[in-house]
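**Student:** My structure is below; once you've seen it, I'll send some questions.
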Amino acid sequence: MQTLFNNERMILKIQEKLPYLFQLVESENSRDGKLGMEIGSARERVIIALMLYYFGKENVQTDLAITQKEIDVIVLNKPYSIKTAQTLNSIKLIWTTDTLKIQEFIESYKPNTDILFVHVCWGKEGGFYYIPSAIQQGVLTTKGKEFYFKLPKSGTNSRGVEISKLALLECIAHKDTLRIPIFWERTNNLKHSPYDKYLELWQS
């Protein structure tokens with residue numbers, strides 16, 4: 001993965017194409033100007049397509065078992081988790097409303113998967129980050145679970161456990177985290193409909 005983040009040609013391509021592709025998936029996954037719940041999965045597919053393009057289809061595994069919840073893609077036999085967010089407040093680790101499962105997750109959790117994190121920040125600079133599991137583990141070990149995890153407040157409709165804002169900031173600021181800076185500029189007059197590709201197939 002280091003080769004991707006240090007390849008000057010790919011850095012320029014990512015800086016140019018990622019905002020456009022994310023704008024496309026936003027247009028496909030929004031109604032009445034509001035993003036749908038499926039936007040995370042749609043953005044994830046863009047990053048997986050990048051892996052397929054750069055590393056080759058033969059080196060990328062996408063058909064993963066449903067039990068591999070933390071793993072979104074395997075590249076060169078190494079698992080990765082893909083996260084995207086429009087803020088640096090937190091990123092989701094596990095989706096569950098079960099209080100017991102949340103407690104079990106926190107007690108047993110060890111960061112074993114490198115994270116590919118995209119900070120989407122329209123009109124400003126964000127970035128594409130490669131956060132090795134060793135960095136995540138280092139922050140968790142030195143700072144502790146209360147610092148690392150953002151837990152749902154009691155009495156609220158819990159949606160799971162997140163890496164806290166402070167832990168995330170520490171991870172992305174680490175000297176061994178790789179970053180491609182991206183200025184998130186929208187393409188004006190983007191003419192795209194989520195129905196176009198299906199319409200073309202009906203017409204063919």
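The values are calculated or read from the model by the stated rules, or taken from the named source; none is laboratory data. Keep in mind that this is a model prediction, so the values were computed, not measured. Quick reminder, even Gly has a Cβ in these numbers, built from the backbone with ideal geometry, and neighbours come from all protein chains shown.
**Student:** Can you tell me which residues in the range 125-179 are at pLDDT 95 or above, of a type in the set (Lys, Arg) and under 18 Å from the mean Cα position of the chain (by Cα)?
**Tutor:** Correct list: Lys165, Arg179.
**Student:** Sticking with this one: Go through Ile71, Ile14 for me and flag whichever is in contact (Cβ under 8 Å) with a residue 12 or more places away in the chain, closer than 17 Å to Tyr130 by Cβ and surrounded by fewer than 18 Cβ atoms within 10 Å (Cβ to Cβ).
**Tutor:** The match here is Ile71.
**Student:** In the list Lys150, Lys110, Lys197, which residue meets the criterion of being closer than 30 Å to Arg31 by Cα, in contact (Cβ under 8 Å) with a residue 12 or more places away in the chain and among the basic types (Lys, Arg)?
**Tutor:** None of the other options fit; the residue is Lys150.
**Student:** Right, Asn59: more than 17 Å from Tyr129 (Cβ to Cβ), modelled with pLDDT of 95 or more, surrounded by fewer than 13 Cβ atoms within 10 Å (Cβ to Cβ) and over 16 Å from the mean Cα position of the chain (by Cα) or not?
**Tutor:** Considered against the rule, which asks whether it is more than 17 Å from Tyr129 (Cβ to Cβ), modelled with pLDDT of 95 or more, surrounded by fewer than 13 Cβ atoms within 10 Å (Cβ to Cβ) and over 16 Å from the mean Cα position of the chain (by Cα), Asn59 comes out as no.
**Student:** Which of the numbered conditions does Ser27 fail, given that it passes all the others? Conditions: (1) touching a helix residue (DSSP H, G or I) at 6+ places or on another chain (Cβ under 6 Å); (2) among the polar types (S, T, N, Q); (3) at pLDDT below 90; (4) closer than 23 Å to His192 by Cα.
**Tutor:** (1)
One line per residue, one yes/no per condition, for (1) hydrophobic (A, V, I, L, M, F, W, C); (2) under 20 Å from Lys92 (Cβ atoms):
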position: Val25; (1), (2): yes, yes
position: Ser41; (1), (2): no, yes
position: Glu44; (1), (2): no, yes
position: Leu50; (1), (2): yes, no
position: Asp72; (1), (2): no, yes
position: Val75; (1), (2): yes, no
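**Student:** Can you tell me which of Leu52, Leu21, Leu93, Leu35 is more than 24 Å from Leu168 (Cβ to Cβ) and either among the aliphatic types (A, V, I, L, M) or in contact with a Ser or Thr (Cβ under 9 Å, 6 or more places away or on another chain) (or both)?
**Tutor:** Every option except Leu52 fails the conditions.
**Student:** Restricting to the range 145-181, give me the number of residues that are under 16 Å from Ile131 (Cβ atoms), in contact with a Pro (Cβ under 8 Å, 6 or more places away or on another chain) and buried (at least 17 other Cβ atoms within 10 Å of the Cβ).
**Tutor:** Going through the range 145-181 one residue at a time, the tally reaches 1.
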